[in-house]
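Here's the structure we're looking at; comments come further down.
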Amino acid sequence: MKRWKAIVLLFIFVQINPLISQAEQIVNAQEWYTYDRMREDLRLLKRKYKEEMQIKLIGKSEFGQNIWAAKIGEGKESIIILGGHHGREWLTTSLVMTKMEYYLEAYKSGQDIFGYNSQLLDDVSIWFVPMVNPDGIRIQQEGIGFLPKHHQTRLIHMNENSMDFDRWKANGMGIDLNRQYPAGWESIKEKTAVPSYQYYKGKYPLQAKEVRAVVHFTKEVDPLMAVTYHSSGRVLYWYFKNNQALVKRDKKVADHLSKLTGYELDQPEEHAVGGGFSDWFVSEFNRPSFTPEISYFVEDTNPPISVFQEEWKRNKKVGIYLVGKAKNLFLDRNESKMNEAE
């Protein structure tokens with residue numbers, strides 16, 4: 001039985017990352033992907049890839065865990081890819097970390113990334129923020145034992161007096177991080193007015209330390225495009241009260257992403273419009289932002305690890321495609337306009 005499992009895992013690995021041998025693989029998406037695992041993988045990736053990778057501490061969670069960003073590429077301009085906004089959605093962290101390792105290896109070795117020239121990263125870099133919500137992910141994966149005793153009682157109450165935290169979505173203070181961004185926050189139709197395992201938008205936008213860290217960092221790097229991964233449902237959200245003059249531009253990119261991933265285009269439910277990272281990014285920068293929901297629909301828990309290979313196949317090209325598209329939309333066209341002006 002053990003040998004059979006090993007063969008299956010080897011097959012899965014080869015499908016995910018043929019550029020790296022099994023012995024050299026660092027990110028293992030075939031296990032529950034924890035905060036500690038991510039932190040160690042970032043250290044090992046930096047040691048292996050050195051100057052091809054930049055790691056930056058962008059802030060801390062409510063309970064003092066680090067929120068990291070990592071950059072690939074030499075381009076002064078960038079796109080940003082985020083995962084792990086919600087506790088039960090840690091499979092998005094696995095996906096972001098796997099994408100990072102694959103792209104790093106291709107970039108270092110000068111190989112194409114799924115048909116795209118990896119040298120595109122010399123013009124437009126990628127910033128990855130794999131785990132926005134480390135407290136929430138730890139709560140969902142291991143329970144509340146790592147938190148202060150006085151706070152554990154509060155969390156049990158937020159969880160409707162249940163000790164089963166499989167459905168936990170919020171951060172460590174019972175705030176839904178993807179309802180914390182300033183754009184449209186006031187108009188969110190609340191499902192709960194008090195801290196909870198899900199849906200509580202907070203007393204005011206940017207209340208959560210994690211969201212403040214992401215907002216500050218995003219303003220600092222000023223990305224050309226954004227992707228924020230969530231689960232589940234295999235849909236792609238792209239329209240967030242976008243500036244009407246830019247809807248046609250963004251729709252073309254969304255249509256192509258839909259073809260790449262096989263996810264249908266959708267719009268958030270009425271109660272979920274506003275407060276999300278993509279709402280804020282589009283409003284703040286007037287640039288495209290996309291929210292893919294990975295995995296078939298699962299209700300109030302994490303998607304199973306067994307769906308990872310399928311989601312990787314669907315999403316492996318997303319980052320490098322958007323790098324090329326950002327270069328075309330924002331750099332090449334600006335250069336053409338400058339040449340015309342001369």
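The table below lists the values:
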| quantity | calculated |
| --- | --- |
| Out of G184, G143, sole residue that is at pLDDT 95 or above and of a type in the set (G, A, S) | G143 |
| All positions within region 320-337 that are without any contact (Cβ under 8 Å) to a residue 60 or more places away in the chain and either assigned to a loop (DSSP other than H, G, I, E, B) or charged (D, E, K, R) (or both) | D332, R333, E335, K337 |
| Matching entry among S336, S283 (being touching a Phe, Trp or Tyr at 6+ places or on another chain (Cβ under 9 Å), at pLDDT below 95, open to solvent by 50 Å² or more (accessible area, probe 1.4 Å) and not basic (K, R)) | S283 |
| Candidates L44, L82, L57, L91, filtered to the one that is under 30 Å from G275 (Cβ atoms) and free of Cβ contacts under 8 Å to residues at least 24 places away in the same chain | L57 |
| Flag if A170 is open to solvent by less than 30 Å² (accessible area, probe 1.4 Å), in a loop (DSSP other than H, G, I, E, B) and closer than 19 Å to K241 by Cβ | no |
| Evaluation of E210 against (1) part of a helix (DSSP H, G or I); (2) open to solvent by less than 30 Å² (accessible area, probe 1.4 Å); (3) over 23 Å from G64 (Cβ atoms); (4) of a type outside the set (S, T, Y) (one fails), failing number | (3) |
| Failed condition for K327, given (1) open to solvent by less than 50 Å² (accessible area, probe 1.4 Å); (2) touching a Lys or Arg at 6+ places or on another chain (Cβ under 9 Å) | (2) |
| Test result for P182, of a type outside the set (S, T, Y), open to solvent by 20 Å² or more (accessible area, probe 1.4 Å), in contact with a Pro (Cβ under 7 Å, 6 or more places away or on another chain) and more than 17 Å from G87 (Cβ to Cβ) | yes |
| From L177, L95, L121, residue being touching a strand residue (DSSP E or B) at 6+ places or on another chain (Cβ under 7 Å) and either polar (S, T, N, Q) or within 30 Å of P195 (Cα to Cα) (or both) | L95 |
| Residue check, G262 in contact with a helix residue (DSSP H, G or I) (Cβ under 8 Å, 6 or more places away or on another chain) and crowded, with 22+ Cβ neighbours inside 10 Å | no |
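Residue by residue, here is whether (1) open to solvent by 10 Å² or more (accessible area, probe 1.4 Å); (2) within 15 Å of the chain's Cα centre (by Cα); (3) over 22 Å from G136 (Cα atoms) holds:
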| position | (1), (2), (3) |
| --- | --- |
| V214 | no, yes, no |
| E220 | yes, no, yes |
| S232 | yes, yes, no |
| A245 | yes, no, yes |
| K248 | yes, no, yes |
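The values are calculated or read from the model by the stated rules, or taken from the named source; none is laboratory data. From a predicted model like this one, the values you see are computed outputs, not experimental measurements. No Cβ is skipped: glycine too gets one built from the backbone with ideal geometry, and neighbour counts run over all protein chains shown. In case anyone asks, the SASA skips ligands and DNA or RNA and just uses the protein heavy atoms, side chains included. Shrake-Rupley method; radii C 1.70, N 1.55, O 1.52, S 1.80 Å.
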